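Reviewing the structure listed below.
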Amino acid sequence: MNYLIANTVIYDTENGVLLVQDAPHKDEAKTLTPTANRILALLLSAPGEVFKREDILDKVWESQGHTGSNSSLNQYISILRKTLSVWVDDDDIIVSVPRVGFYFNSAIPVVPWVETPEEEPDTIPEALPGVTTPLRSVRSSFIPMAVNLILIAAILLVSTLAVKSYREVHVSPLYSKVYSQGKLGLCQLNSWQKLSPEMKKSALNILNLAAPELKEKCLSEPAVVYFQIQKQVYLGREGRVFVATCSAEQEQNSLLYCDSTYKYNWRKP
C-alpha cells in the first residue's frame, strides 16, 4: 500500500521506498531497511493509535524469527524520526508514550495514495478537404474527460474525509487509565488491567519470578512499577510479561527514568 505523508512524500510499504511527490528523478528516493519499513508500516496502519512496545517487538522481530529488544526498537524509532524530518516539519513525528510504546502523530496528514496514469490528450481528427467537422462533435469528445475528472475529485474528497473521520474516532484511549495493585516494599505497583484479589496475589508471585531483582530494589528505594501480564501466564502457560520500574523523585512526585523488562514466551517454572 502507498501513503502520501504530509502532502509531500510518497511511502511504499511493499518495498520501503520514500520519494518526494514531485521529484523529477526516482533515484532521489530513500529506501528503508526491512525492519524500519515494518515499524513505519505498522504505525501508519492506525495513526494516533498507541502500539505497545511488546506488540511492536512481536510483529516486527519475533514474527520474522528474530529476537528484538527495547534498545533496538529505540534505535529504529530514532532513525525513522531523522529520516522523515527531512520532509516533515514537525518535532513529534513519531510520539513516544513513556512506559507503553509509540504512535504516529495523527496531526500529520496521511492519506492513501494511488498513482494516476498520464492520459494522452484526445486528438481531434483533421478535417477532410471540403468537409467541415460539426462543433457539437468536438464538444462531445470533451464530455467523458470532464466526467472522469469530476469522479476522481469526488473519490479523493471522500477518501480524505474517511481518513480524517477514522483518525478522530480511533485515536486510542488505551493505557490512559492505570489501576493500582498495591505496594511491594517501597514500590507502588500499577497495571493497565483490572485484577481480582486472587490475580493480584498471582501477579506478585509472577513478578518475583520474572523480575527477581525487583523485590530487592523495592526494599532499598521508592519506585513506581508498571506491569502487564498476559492472561495465559496466570494459567501456567507461555505468554508475555512486561515490567517497567520507574525511579521516583519523592519531593517533586515525578518520575526520573524507567528500566523495562520484557519476557517473551515466559511461563512459571
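The combined condition, being in contact with a Phe, Trp or Tyr (Cβ under 7 Å, 6 or more places away or on another chain) and of a type in the set (K, R), is fulfilled by R99.
Based on this model, can you work out whether L19 counts as at pLDDT 90 or above, surrounded by 13 or more Cβ atoms within 10 Å (Cβ to Cβ) and either part of a helix (DSSP H, G or I) or in the same structural domain as A107 (by TED's automatic domain parsing) (or both)? Answer is no for this residue. Please verify whether the range 47-62 includes one or more residues that are more than 14 Å from the chain's Cα centre (by Cα), within 21 Å of G16 (Cβ to Cβ) and not β-branched (V, I, T). Taking every residue of the range 47-62 in turn, at least one turns out to be more than 14 Å from the chain's Cα centre (by Cα), within 21 Å of G16 (Cβ to Cβ) and not β-branched (V, I, T). In the set (1) out of contact with any strand residue (DSSP E or B) (no Cβ under 6 Å at 6 or more places or on another chain); (2) under 25 Å from P109 (Cβ atoms); (3) among the aliphatic types (A, V, I, L, M); (4) surrounded by 16 or more Cβ atoms within 10 Å (Cβ to Cβ), the condition left unmet by V86 is number (4). In the set K177, K183, K217, only one residue is more than 30 Å from W113 (Cβ to Cβ), out of contact with any Lys or Arg (no Cβ under 8 Å at 6 or more places or on another chain), surrounded by 14 or more Cβ atoms within 10 Å (Cβ to Cβ) and modelled with pLDDT of 60 or more; that residue is K217.
The values are calculated or read from the model by the stated rules, or taken from the named source; none is laboratory data. Note that the structure is predicted; figures quoted are calculated from it, not measured. Every residue, glycine among them, receives a Cβ derived from its backbone with ideal geometry; neighbour counts consider all protein chains shown.
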